[in-house]
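Asker: Here's a structure for you.
The values are calculated or read from the model by the stated rules, or taken from the named source; none is laboratory data. Keep in mind that what you see is a predicted model, and the values were worked out from it rather than measured. Methodologically, a virtual Cβ is constructed for each residue, glycine included, from the backbone with ideal geometry; neighbour enumeration extends over all protein chains shown. These accessible areas exclude ligands, DNA and RNA; they are computed on the full protein's heavy atoms, side chains included. Shrake-Rupley method; radii C 1.70, N 1.55, O 1.52, S 1.80 Å.
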Amino acid sequence: MTNTALILDIKGSKNMSNDERAHAQEKLYDIINIINSVYREKIKYKLEFSGGDGVEGSFADPSSAIRCYTFIMSAFHPYVARCGIGIGDLVEMPYESSNMADGPSYHRANDALSLAKARGYELLFMSDGEGDRFINQYLTVAQMLLSGQSQKQRIVNNIVFLLDPLTFPGMDMIGYRGGAGAYIEESAGSYGQRPDGAAGAREKDVSGAYPEFGRYKFDALGNGEAVFDECLPFDVRRLYTKKYGDEALMGRTIDGKVQTAIGRMLGVSSENVRQMINKGHVDTIRSLFISASAMAVHFSER
């Protein structure tokens with residue numbers, strides 16, 4: 001049976017203090033519980049800790065695994081999860097646990113994770129197929145652009161991915177809205193802080209200043225359904241719409257209402273958000289993840 005396995009761990013956990021490692025593991029535990037609930041229709045074996053800070057699970061298709069990774073990437077910040085995704089057969093066991101599953105998909109996911117660690121990446125894909133090199137090119141360029149972002153650009157990047165997620169059919173959008181809200185608010189609260197956690201001298205510290213975030217999140221966007229209830233075909237069409245022509249290849253995936261909502265959330269202008277999105281290549285990063293997802297499905301079905 002063809003399967004998509006995902007294996008990840010926490011980058012740098014061995015160098016963390018006991019308290020910091022415990023906090024990172026607790027945060028990751030909460031995130032994977034949201035994934036197991038919200039994305040359950042695409043999950044074969046739910047994500048669960050396999051020992052230490054390792055997590056593994058399996059999905060019905062590679063697009064779902066990549067899109068779930070983007071949620072982990074954005075919600076887990078400032079911690080980093082390194083991840084390997086593998087496609088192949090699945091040896092199913094008479095237990096409902098990813099820890100008891102086996103087969104080439106898990107072996108390839110583990111190999112992809114090991115290779116990511118060795119080469120300094122955060123996500124690699126492996127199927128032993130002809131499409132691997134193309135898919136990983138998209139993923140590694142996205143990671144290169146992410147690594148070049150400033151602190152504020154990365155925060156805006158994370159909020160964009162969380163507020164306007166890369167979705168797929170069967171995703172529990174009501175559950176997603178409830179689960180993602182806390183991480184969007186956490187990101188917004190860190191915007192006016194220096195890397196050491198102190199408020200910047202000229203920056204607005206908005207930490208804790210958003211008690212009605214959930215209500216605002218949807219009202220500010222106007223038609224929330226247009227932003228949240230999207231699936232892979234819509235994402236792909238949005239990249240290649242006639243409205244943008246050749247410029248679509250540069251990535252135009254972010255609705256103007258999302259920029260306006262983020263500006264209000266951070267206490268800055270929509271133009272300020274637009275500039276950070278442009279300078280941080282957020283549209284292009286989203287385009288690369290969307291394209292990698294679509295390409296992974298294409299090659300896995302051949």
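Asker: Which pairs turn up if I take residues in the stretch 155-177 that are among the polar types (S, T, N, Q) and modelled with pLDDT of 90 or more and look for partners that are buried (at least 18 other Cβ atoms within 10 Å of the Cβ) and part of a helix (DSSP H, G or I) with beta carbon separation below 6 Å, at least 6 apart in sequence or on another chain?
Answerer: N157/V282; N158/S74; N158/S187
Asker: For the stretch 139-169, how many residues meet the condition of being open to solvent by less than 10 Å² (accessible area, probe 1.4 Å), part of a helix (DSSP H, G or I) and among the polar types (S, T, N, Q)?
Answerer: 2
Asker: Of the numbered conditions (1) at pLDDT 95 or above; (2) part of a loop (DSSP other than H, G, I, E, B), P78 satisfies every one except a single condition; which is it?
Answerer: For P78, the exception is condition (1).
Asker: If you check R252 against the conditions, is it modelled with pLDDT under 80, outside any helix (DSSP H, G or I) and more than 20 Å from A142 (Cβ to Cβ)?
Answerer: no
Asker: Turning to a different aspect of this structure: Could you list, in sequence order, the residues of the stretch 28-75 that are open to solvent by 50 Å² or more (accessible area, probe 1.4 Å), out of contact with any Gly (no Cβ under 8 Å at 6 or more places or on another chain) and assigned to a helix (DSSP H, G or I)?
Answerer: The answer is Y29, D30, N33, R40.
Asker: Any idea which of N99, N136 is modelled with pLDDT of 95 or more, out of contact with any Gly (no Cβ under 6 Å at 6 or more places or on another chain) and either farther than 13 Å from A296 by Cβ or open to solvent by 10 Å² or more (accessible area, probe 1.4 Å) (or both)?
Answerer: Within the list N99, N136, the selection yields N136.
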